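Participant: Quick one: this structure, given as C-alpha cells, is what I'll be asking you about.
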Amino acid sequence: MLALSPTAAETSEAPAEPTCSPYLRPTRSEAEAAVRTLIGWAGDDPRREGLRATPDRVVRAYEEWFAGYDQDPTGILERTFGEVAGYNEMVLLRDIPVESVCEHHMAAIRGVAHVAYLPRERVVGISKLARLVDAYARRLQIQERLTAEIADELERTLRPRGVAVVIEATHECMSSRGVRKHGAMLMTRRFTGVFESGQGRREVLAALAG
C-alpha cells in the first residue's frame, strides 16, 4: 500500500507563508524612464523638445517633495532644553504650512498644522516642531496618519504631559478629480495625556480657536 504524505490540514503545521523579498529602491535612470513612460501613456511624445528634460525635472522635484523618507523624525527632537525657569504651561506653534501628497492618487495635500504640548521638564526649539511636521508630511500620506505620526513622535521623544496636533488641509484628489469639490477642508486631530479630556482639552481647543 502506498504511504501518502499527510496534507497540510492533517498536520499541526500551517503551510509556509510566502516571503517577500526586500524592496529595492529604483535607480535614478529607472525613475526617469518611468516618467517617460507616463508621458507617453498620457498621449504625448517624451522625445518632444519641450519634454526632453521633463523626466530629470520630475525626479529632482520628487527629491524635494519626498525628502521626508531620508529624515529621522526622532533625531530632529534629540536636542532639548531644560533651562525654562519653571515654565509649565502649554507650548503651541500654530499655522505650520503643510505640503504633502495623497498616497491614493498622488495629488497634493495643502494646509496648516497646529502643534501643542505641555512640557514635563524639557522643551524643544520651535523650529524643530516645524521640521518634524515636514519630515512626516514630505512622504506619501493620508492626513489621518500624518496627524497621528506627528503626535506620537512628540509623545515618544519628549514624554510631555500631553500633546495636541490639529491639521486642516485641502486635498486635490477631491478637488481636481472625482467629485471635484473645491474649498472643502479636512480637519484631523490627535490629543494625548492631559489634552485628551477635561480642562486640558478645553484649554487647548480654546487656544487653537483664538
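The values are calculated or read from the model by the stated rules, or taken from the named source; none is laboratory data. Not measured: the values here are computed from a predicted model. We place every Cβ from the backbone using ideal geometry, glycine too, and count neighbours over all the protein chains shown. Please note that ligands, DNA and RNA were not included when accessible areas were found on the heavy atoms of the full protein model with its side chains. Shrake-Rupley method; radii C 1.70, N 1.55, O 1.52, S 1.80 Å.
Participant: Just in the stretch 63-153: which trypsin sites (Lys or Arg not before Pro) are loop by DSSP and have at most 14 other Cβ atoms within 10 Å? Don't jump to the answer; show the numbers that get you there.
Facilitator: Numbers: sites: Arg79, Arg94, Arg110, Arg120, Arg122, Lys128, Arg131, Arg138, Arg139, Arg145; in loops: Arg79, Arg120, Arg122, Arg138, Arg139.
Qualifying residues, ordered by number: Arg79, Arg120, Arg122.
Participant: In the stretch 56-116, if every C-alpha pair distance is counted and binned at 10 Å from zero, what percent goes to each bin?
Facilitator: 15, 34, 31, 14, 5, 0
Participant: With equal scatterers on the alpha carbons only and no solvent term, can you work out the Debye log10 of I(q)/I(0) for the stretch 121-210 at 0.13, 0.15, 0.18, 0.26 1/Å?
Facilitator: -0.51, -0.66, -0.89, -1.37
Participant: Okay, next question. What trypsin sites (Lys or Arg not before Pro) in the stretch 28-71 are in a loop by DSSP, with at most 12 other Cβ atoms within 10 Å of the Cβ?
Facilitator: Values: sites: Arg28, Arg36, Arg47, Arg48, Arg52, Arg57, Arg60; in loops: Arg47, Arg48, Arg52.
Qualifying residues, ordered by number: Arg47, Arg48, Arg52.
Participant: With both partners inside the chain, how many of the DSSP beta bridges are antiparallel, as a percent to the nearest 5? Write out the running numbers ahead of the final one.
Facilitator: Values: 29 of 31 bridges.
If I count the DSSP bridges inside the chain, around 95 percent turn out antiparallel.
Participant: Only helical DSSP H runs with n ≥ 4 go in: add -39500 (n - 2.57) per run for the chain, normalise by residue count and round the 222 nm mean residue ellipticity to 500 deg cm²/dmol. It would help to have the intermediate numbers written out before the result.
Facilitator: Details: 7 runs with 75 residues, N = 210.
Calculated mean residue ellipticity at 222 nm is -10500 deg cm²/dmol.
Participant: Give me log10 I(q)/I(0) at q = 0.10 Å⁻¹ for the chain, Debye formula, one equal scatterer per alpha-carbon, no solvent.
Facilitator: -0.62
Participant: What area, in nm² and to one decimal, does the C-alpha convex hull of the stretch 53-168 cast on average over all directions?
Facilitator: Numbers: hull surface 29.9 nm².
With the hull built on Cα positions only, its mean projection is 7.5 nm².
Participant: Between the stretch 86-115 and the stretch 150-181, what's the alpha-carbon centroid distance in Å?
Facilitator: 6 Å
Participant: Let me ask something else. Could you work out which residue, out of Tyr23, Tyr62, Tyr87, moves most in a Gaussian network model of the chain, that is, has the largest mean-square fluctuation with Cα springs under 10 Å?
Facilitator: Among Tyr23, Tyr62, Tyr87, the largest GNM mean-square fluctuation belongs to Tyr23.
Participant: Hey, another quick one. May I ask you to give the solvent-accessible area per residue for the stretch 89-152, in square angstrom, as obtained with a 1.4 angstrom probe?
Facilitator: Details: 2780 Å² over 64 residues.
Per-residue value: 43 Å².
Participant: Using modelled backbone amide H atoms (1.01 Å from N, in-plane), which distant-in-sequence or interchain residues come within less than 5 Å of Val98's amide H?
Facilitator: Gly111, Val112, Ala113
Participant: Where Rh is the Kirkwood radius over the Cα pairs of the stretch 109-172, the temperature 37 °C and the viscosity 0.692 mPa s, what D in µm²/s does Stokes-Einstein return?
Facilitator: On the way: Rh = 12.1 Å.
This corresponds to a translational diffusion coefficient of 271 µm²/s.
Participant: A follow-up question, please. With a 1.4 Å probe and all protein chains left in place, how much of the accessible area of the chain comes from carbon and sulfur atoms, in whole percent? Show your work: numbers first, answer last.
Facilitator: Working: 7390 of 13780 Å².
The C+S portion of the solvent-accessible surface of the chain is 54 percent.
Participant: Taking amide hydrogens as modeled 1.01 Å from N in the peptide plane, which residues meet the under 5 Å criterion relative to Glu103, leaving out close sequence neighbours?
Facilitator: Sorted by chain and number, the residues that satisfy this are Gln141, Ile142.
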